[in-house]
Amino acid sequence: MAPEGSACKEVESYPAVADYAIATTKPESNSMTTKSSFGFVGKHGIQSNNGVYELLECPVCKNLMYPPIHQSPNGHTSCLNCKNRVHNCCPSCRYDLGNIRCLALERFAESLELPCKYHSLGCHEILPYYSKLKHEQHCQFRPYNCPYAGSDCSITGDIPTLIAHLKDDHKVDMHDGCTFNHRYVKLNPHEVENATWMLTVFKCFGKQFCLHFEAFQMGMAPVYMAFLRFMGDDSEAKKFSYCLEVGANGRKLTWQGIPRSIRDSHRKVRDSQDGLVVQRNLALYFSGGDRQELKLRVTGRIWKEA
C-alpha cells in the first residue's frame with residue numbers, strides 16, 4: 001500500500017544549490033577537500049564512516065543539510081533550498097514533501113563535531129556541526145578568488161597558485177620592487193562604455209600586490225581609476241600603505257591609502273572609489289597635446305607600517 005501523502009508530477013532535475021541560509025557558498029563536493037579524506041568526529045573523538053555523511057547529505061544538491069530538514073512520507077530527506085527548488089515534490093519517491101521535519105536527524109547532527117572543509121589547506125579546527133558553515137565563510141585558509149578583472153574567472157586557490165595562474169593564463173606582468181612608474185595610453189579616450197582595465201602584480205616585502213588601472217562610466221561621467229589590492233587577508237593588508245600620483249603641466253593628484261585585500265571583489269573596491277580617481281577632462285589635460293589621446297603616467301610606492 002502506498003504511504004499516505006499525494007504523489008506529485010515529474011519534476012526537472014536541478015543543479016546543486018547552496019547550503020541552508022548560505023546562498024553563495026559553493027557545494028562542499030566541489031571543494032578542495034573530498035568526503036573520503038576524513039570522517040566525522042563525535043563528542044568522544046570516535047571516527048565514523050561515510051555512512052554518516054550520506055545521512056546528512058541532501059540527495060539533490062549534495063550539500064550537508066541544516067535545519068529545517070524536511071522528509072517525505074517515505075523518509076527521504078531534503079534541505080530547505082532544494083525543497084523549494086523541486087516545488088515540494090520529493091525527487092526520490094515523487095511524494096509531497098509537505099512540512100514534515102526530520103527532527104531525529106536534526107538532533108543527531110547537533111551531537112556531531114567535524115573538521116573544517118579546508119583542513120587540507122591548513123585549518124585544524126574541529127567544529128560543532130551547526131557552527132561549520134559560519135566558520136568556513138570566514139576561515140583564513142579558504143581559497144582566494146582570482147583577482148583578474150577582465151573576465152569572470154572561476155579559478156580559486158592559495159596565493160602561489162593564483163600567482164602562477166595570473167602569469168601563465170592571463171599573461172599578467174610581474175615586477176619586483178616597492179615603487180612603480182607606469183604609463184597608460186589609450187588612442188580613443190572617449191570609448192569607455194565598456195570598461196577597459198590593466199593589471200600588474202608587484203612583489204614587495206615578500207608579498208604580492210595587484211595594481212589596477214581602469215576606465216569606466218561613473219553615472220554619466222567617464223573616469224579613470226587606479227587602486228592597489230593585497231594578495232592576502234585583510235589583517236595582513238592593514239600592515240601596508242601605498243600612494244599614487246598622476247599629473248602634468250605643474251599640477252598633480254595624489255592618493256594615499258591602505259591596499260584592499262583580494263577577499264574584497266574587484267568590483268566592490270572599484271565601486272567604493274577606494275583609489276585614485278581622475279575625471280576624463282582632467283586626465284586629457286594631463287595628457288597634453290590635442291586632448292585626443294590619453295597618456296597618463298601613474299607613479300607610486302608601497303611601504304610597510306612600523
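The values are calculated or read from the model by the stated rules, or taken from the named source; none is laboratory data. This structure is a prediction, so every number in the text was calculated from the model and none was measured. Glycine gets a Cβ as well: all are built from the backbone with ideal geometry, and neighbour counts include every protein chain shown. Heads up: the accessible areas ignore ligands, DNA and RNA and are worked out on the full protein's heavy atoms, side chains in. Shrake-Rupley method; radii C 1.70, N 1.55, O 1.52, S 1.80 Å.
Table for the structure above
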quantity: Net lengthening on full extension, A306/D233 (0.36 nm per residue, minus Cα-Cα); calculated: 24.4 nm
quantity: Rounded if a/c under 1.5, otherwise prolate or oblate - the stretch 127-169, Cα gyration tensor axes; calculated: prolate
quantity: Cα-based shape type of the stretch 204-286, given that a ≥ b ≥ c are square roots of the gyration tensor eigenvalues and the cut on a/c is 1.5; calculated: oblate
quantity: Within the stretch 52-137: Cβ-based charge dipole about Cα centre, in debye rounded to nearest 20 (Lys, Arg +1; Asp, Glu -1); calculated: 260 debye
quantity: Long-range amide H partners of C102 with built H, under 5 Å; calculated: I69, H70, Q71
quantity: Ellipsoid equivalent to the stretch 159-304 - semi-axes via the Cα gyration tensor, in Å; calculated: 26, 16, 15
quantity: Shape box of the stretch 52-137 [Cα atoms, principal axes, largest first, Å]; calculated: 43, 22, 18
quantity: Over the stretch 159-304, relative contact order from alpha-carbon pairs under 8 Å, at least 6 apart, %; calculated: 28 percent
quantity: Amide proton proximity set for F240, modelled H, under 5 Å, gap of 5+; calculated: E305
quantity: Cβ-defined net charge surrounding D264, 13 Å radius [Lys, Arg +1; Asp, Glu -1]; calculated: +3
quantity: J(HN,Hα) series, the stretch 66-71, from Karplus relation 6.51 cos²θ - 1.76 cosθ + 1.60, nearest Hz, glycine and proline x; calculated: 10, x, x, 9, 9, 9
quantity: Accessible surface of H87 - all protein chains present, 1.4 Å probe, nearest 10 Å²; calculated: 130 Å²
quantity: Entries in K62/K132; K167/K207; K167/K295 that, when Cα-Cα distance is taken, lie over 20 Å; calculated: K167/K295
quantity: Span from the the stretch 53-119 Cα centroid across to the the stretch 244-280 one, whole angstrom; calculated: 47 Å
quantity: Accessible area, probe 1.4 Å, largest first, for residues F180, F141; calculated: F141, F180
